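The values are calculated or read from the model by the stated rules, or taken from the named source; none is laboratory data. Values in this document were obtained by computation on a predicted structure and should not be read as measured data. Note that we place each Cβ from the backbone using ideal geometry, even for glycine, and neighbour counts take in every protein chain shown. Just the protein is used for accessible areas: all its heavy atoms, side chains included, with ligands, DNA and RNA removed. Shrake-Rupley method; radii C 1.70, N 1.55, O 1.52, S 1.80 Å.
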Amino acid sequence: MTSMVEAQGIRKSFGSVEVLKNISFTVERGEVVCLLGPSGSGKSTLLRCINHLEKVDAGILKVDGDLVGYAPHGDHLREMRDKEIGLKRSEIGMVFQRFDLFKNMTALQNVAAGPVHVKGVDRRTATENARKLLAQVGLADKADSYPTQLSGGQQQRVAIARALAMSPKLMLFDEPTSALDPELVGEVLKVMRSLAEQGMTMVVVTHEIAFAREVADRVVFMDGGVIVESGPPSEVIDAPRHERTRAFLARVG
Amino acid sequence: MSTDRDPQTMRVVTPRRYGEVIAGIILALILASLATALMSNDQLDIEAIPRYIFSPVILDGVVQTLLLTALSMLIGLVLGLASAILRVSNNRVLAAVAWFYVWFFRGTPVLVQLIFWFNLGVLFQNITIGVPFGPTLFSIETNDLITPLTAALLGLGLNEGAYMSEVVRGGVLSVDGGQIEAARALGMSKGKTLRVVVLPQALRIIIPPTGNELIGLLKTTSLASVISFTELVGASSRIYSANLKVLELLVVVSIWYLAITSVLSVGQYYLERRLAAGSGLQSAPTLGQVIRDGILGRRARSLRGSAHNNPGTGEEQR
């Protein structure tokens, strides 16, 4: 059986700055991987490459055995068409730092949007399912609220439900609690924890060391566009081998 | 310093606004003297105004003005939406075409454009549709096609489209990129993202300047009188060129423009109010409230108050 994410030799530059320098890593099925590292270490960029929100400059990136965003063409890779990329993305859920709910839709409509507009599910079925998902993240009573009427933590839980509505194989979290007030972080982490317990494959960019220690199967520490070390939290967080990891953990810990 | 009075009974009293009172008195004096000067002037035939305001020629002019405004706006909306979407599209050739269209039609006077279209027959005697350098499918003599109405529609519609293009583009660009990324991450195509996420939100931004455009267009239609299209101004000039009551008829015309503009403004207000309700923002007051509060000076304060519809607690209910 193939890995859920398989990345080999990923390179990515913004202008003259190389943010990913020959990155290789894998995520197994059902695994929860936390990406840690200082700002500008390339962890968010790596996450965004997985569903082709960022285009890699070079390297092979496969999700569930298929290339994302590129198709082989002779001895090089050529970018896929919009439709094909969309199809692949629809299998990968993503949660953003700033929630990015659709402001013209209620919480319920946000959650139903993917199935209705991407998968062509009929509105009634999609809405029913959306209600269940909102209940799952503890927001059954906020179905008819617009994003501006919800707190940050509530918005982020709606955003998680919106991603789950597509029944993704893989969930990507891009600093999901960084924009939240401290007292709202817990409710979002709780939803993510229960998702991990249900066996969802997750890649989480985070600064929540305690969450990573508790939930992650594996922690990947990045700095300066390379993976410095990777392993179970008991090693990387509690007994880091590299000086850079130690320095980072001392700063955020 | 302490007082023996209960602080609760110490009411706050708004001081009298002497500046407003003085300005009001001066204004009343100016208006009164202006009215007397007009009424006592025997060069102005006041009685002619009510006589002409509902005369058949003027009423027909009103209908033609409304028709020309509505059709030109429709053309403008379609062209504006299409060219705005092309300008943000990935097709660089079509984006350049849309840019050129806006640059050209916004950059030349609409009066010049109107006269140009009206004289198109001088340039091309026939208009032919067919495969380029190939067989002809359809041909018509230009002077049969270009009437004052079609020339006016071409001139005003194409010009309005260029302005509307910028209005729509501004609305589209106002939708934040994060939501577009979120839609793309769900697997939505570009077109779907535009239709489902971007345009519904852009609409709220687009409506006020579009109302402005419509009111501007209403008055710009008067230029069509130059190419012998008999709208409101054209109709009035037919009358005053016969009876020389130029100023009286200009008053008649102005009353009509003001009346139509007022109706359009009210319509725009209620449209904005409905769209705001759909967006989950606090619903705006009714027009009656606005006028009352505006006169009493409360509007500014209540606006500032509602700007903080605090999303932090999540306790608000619709």
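Look through region A:142-153, keep the residues that are touching a residue at least 40 places away in the same chain (Cβ under 8 Å) and either within 7 Å of chain B (Cβ to nearest Cβ) or farther than 16 Å from A:Ala112 by Cα (or both), and return whichever of them is surrounded by the most Cβ atoms within 10 Å (Cβ to Cβ). Per the stated criteria, the residue is A:Leu150. Scanning region A:100-114 for residues that are more than 8 Å from chain B (Cβ to nearest Cβ) and under 19 Å from the mean Cα position of the chain (by Cα) gives A:Asn110, A:Val111.
Of the residues that sit in region A:69-97 and are within 12 Å of chain B (Cβ to nearest Cβ), assigned to a loop (DSSP other than H, G, I, E, B) and not aromatic (Phe, Trp, Tyr), which one is surrounded by the fewest Cβ atoms within 10 Å (Cβ to Cβ)? My answer is A:Arg81.
Restricted to helices (runs of 4 or more DSSP H) entirely inside region B:180-285, those with at least 3 residues that are under 17 Å from the mean Cα position of the chain (by Cα), farther than 22 Å from A:Asp100 by Cβ and at pLDDT 95 or above are B:199-220, B:246-278.
Scanning region B:104-163 for residues that are part of a strand (DSSP E or B) and loosely packed, with under 14 Cβ neighbours inside 10 Å turns up B:Asn126, B:Thr128, B:Ile129, B:Gly130, B:Thr136, B:Leu137, B:Phe138, B:Ser139, B:Ile140, B:Glu141. In the set (1) in contact with a Phe, Trp or Tyr (Cβ under 9 Å, 6 or more places away or on another chain); (2) within 14 Å of another protein chain (Cβ to nearest Cβ), B:Leu186 fails one condition alone, (1). Looking at the structure I just gave you, is B:Arg169 more than 16 Å from the chain's Cα centre (by Cα), assigned to a helix (DSSP H, G or I) and within 12 Å of another protein chain (Cβ to nearest Cβ)? In short, no. The set of residues from region A:217-248 being in contact (Cβ under 8 Å) with a residue 12 or more places away in the chain, among the hydrophobic types (A, V, I, L, M, F, W, C) and either part of a loop (DSSP other than H, G, I, E, B) or more than 26 Å from A:Arg11 (Cα to Cα) (or both) comprises just one member, A:Ile237. Note on region A:98-141: residues that are closer than 22 Å to A:Leu53 by Cα, in a loop (DSSP other than H, G, I, E, B) and open to solvent by 70 Å² or more (accessible area, probe 1.4 Å) total 2.
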